[in-house]
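Since the structure comes first, as structure tokens, the remarks are kept for the end.
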Amino acid sequence: MSSKRILLIIGGGIAAYKSLELIRELGRRGIASRVIVTKAGTEFVTPLSVAALSGDKVYTELFNLTDETEMGHIELSRSADLLVVCPATADLMAKAVHGHANDLASTTLLATDKPVLMVPAMNVRMWGHAATQRNVAQLRADGVTVMEPDEGPMACGEFGPGRLPEVSRIVAEIQAMLRPPADKKRLAGVHALVTAGPTREPLDPVRYLSNHSSGKQGYSIAIALAAEGARVTLVSGPVSLPAPEGVDLVKVETARDMLKACEDALPADVFVSVAAVADWRPVKTATQKLKLKGKGAAPAIELAENPDILRTLSNKKKKRPGLVIGFAAETEEVERHANEKLARKGCDWIVANDVSGDVMGGLENEIALITRDGAERWPRMPKEQVAARLAARIADQISGRDDPQKLAAE
Ligand code: CTP
């Protein structure tokens, strides 16, 4: 879902300030906002604060000649993938129902050929009024998505439905509306295998060797591949993340279990090896808790090397996934080590990241994508955005391969 853009119309209501948080949360997920603030909206948020957050020019008046030459209101209404009215006031909804076009927001709503999401927020009695309910029903009949407001205490002191929905709910709705329809999903029919999280190598029933991997990047990639239409098998070590919807999750503990689960999941068209697999395991796992007290010396723990899952799948004679992608967690000379890893493991691409900072367990990642053609450096971005961009690159690669014209040109 990288490079998606919404056109956000901020109406004049006390909940307008929450639209600032919405812009920020969407930005973190790679969704840009271009913003129109209605005249009433400017009483609640300043165009300057909106511009600072959206990183774009903010539009406020219909008949501004400079804007009309730079970008007319018709073009503005079509410059995004989705129009979002937040907060949608009773007045804005009534205008949209009747096709008014006497300011920039209403004109844009009338001129657009894009889907529209309205996020209402108003006093409980205004929301419950027959006129508003009639308007909501009409908007929905006209194809506009109108969210149900939340229920609770309101700024005006009353209680009931009318509060702006939680920002996380609005973000989820926007993401769902921006998702390509099933027939446009480029990875439909593709089986993707993803590993994520750490592995745990037991010493005894209570102790193990492991690492700090949170699983966040691997889970995000599984979700992004599923959003592109792939059937995804996610083989995960122990993490505290919820099972992603629409993904086949196989939970494992050790590296050897992880390899077996991956082999059982083959054939796959794509394998993305994100797991931070423990390189070694204790040769012996005690069946009872090791008693260390009173022995005087610390025990020597003999280690054995774990199987390399990425190398094993990359070098399969039969059932090698068509596209094999490894990760390289490095703390220095990132690209040089990543290139060596690409050759050593026999995979097709390496996603190289510098884990010297707060990447493991953190929310953001800065990576370089190493292919046989060279390195692409991506700017620092949230892990979800890295995932969406990688899924899009995978889809380009796979759909490119399937494109008969491209094959003929090769
Ligand atoms: N990997 C794997 N099985 C292992 C070790 C690593 O599948 N036993 C995969 C990881 O999922 C990742 C890639 O190999 O895609 C590189 O992992 P990394 O830990 O960076 O490299 P190592 O192979 O452990 O090499 P080194 O420790 O020398 O950096």
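The values are calculated or read from the model by the stated rules, or taken from the named source; none is laboratory data. What you see is a predicted model, and the numbers here were worked out from it, not measured in a lab. Methodologically, a virtual Cβ is constructed for each residue, glycine included, from the backbone with ideal geometry; neighbour enumeration extends over all protein chains shown. The accessibility values were calculated without ligands, DNA or RNA, using every heavy atom of the protein model including side chains. Shrake-Rupley method; radii C 1.70, N 1.55, O 1.52, S 1.80 Å.
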### Query
Between D113 and S356, 0.36 nm times their residue separation minus their Cα-Cα distance comes to what?
82.8 nm
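Given +1 on the Cβ of Lys and Arg, -1 on the Cβ of Asp and Glu, and no further charges, what dipole in debye does the chain carry about its Cα centre, rounded to the nearest 20?
Dipole about the Cα centre, nearest 20: 1460 debye.
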#### Entry: Estimated FRET transfer efficiency (K293, D150; beta-carbon r; R0 56 Å; 0.05)
0.50
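Starting from the residue with the highest accessible area, list H73, H129 in decreasing order, probe 1.4 Å. All intermediate terms of the calculation are to be shown ahead of the outcome.
Values: H73 45, H129 105 Å².
Sorted descending by solvent-accessible area, the residues read H129, H73.
What percentage of the solvent-accessible surface of the chain, computed with a 1.4 Å probe over protein heavy atoms, is contributed by carbon and sulfur atoms?
Carbon plus sulfur share of accessible area: 51 percent.
Keeping every protein chain present and rolling a 1.4 Å probe, give me the accessible area per residue for the chain in Å².
Details: 20250 Å² over 410 residues.
With the other protein chains kept in place, the chain gives 49 Å² per residue.
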#### Entry: Largest to smallest accessible area among I398, I223 [probe 1.4 Å]
I223, I398
### Query
How big is the accessible area of D373 in square angstrom, nearest 10, if you roll a 1.4 angstrom probe over the protein chains?
150 Å²
## Note on the structure
Once all protein chains are kept in place, C156 shows an accessible area at probe 1.4 Å, nearest 10 Å², of 80 Å²
#### Entry: Viscosity 1.002 mPa s, 20 °C: Kirkwood-radius Stokes-Einstein D of region 5-178 over Cα pairs, µm²/s
135 µm²/s
### Message
Run the Debye formula on the Cα coordinates of the chain, all scatterers equal and no solvent, and tell me log10 I(q)/I(0) at q = 0.07, 0.09, 0.10, 0.11 1/Å.
### Response
-0.45, -0.68, -0.80, -0.90
### Message
Among the listed pairs K185/K345; K319/K341; K319/K345; K18/K39, which have their C-alpha atoms separated by more than 20 angstrom in this model?
### Response
K185/K345; K319/K341
### Message
Over 18 Å apart: what share of the alpha carbon pairs of region 1-57 falls there, rounded to a whole percent?
### Response
24 percent
### Task
Specify whether the C-alpha gyration tensor of region 182-409 places it in the rounded, prolate or oblate class, a ≥ b ≥ c being the square roots of the eigenvalues: rounded for a/c under 1.5, otherwise prolate if a/b is larger than b/c and oblate if not.
prolate
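When the helices in the chain are scored as -39500 (n - 2.57) per DSSP H run of 4 or longer and the sum is shared across all residues, what 222 nm value do you end up with, to the nearest 500 deg cm²/dmol?
Working: 15 runs with 143 residues, N = 410.
Estimated from H runs of four or more residues: -10000 deg cm²/dmol.
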### Query
Computed FRET efficiency, Cβ-Cβ of K39 and E364, R0 35 Å: what is it to the nearest 0.05?
0.40
### Message
Compute the distance from the alpha-carbon center of region 245-283 to that of region 113-173, in whole Å.
### Response
44 Å
### Task
Starting from the Cα-Cα distance between R377 and A176, subtract it from 0.36 nm times their residue separation and give me the gain in nm to one decimal.
69.5 nm
### Task
Quick one: angle between helix 255-265 and the longest Cα principal axis of the chain, in degrees between 0 and 90, rounded to 10, please.
60 degrees
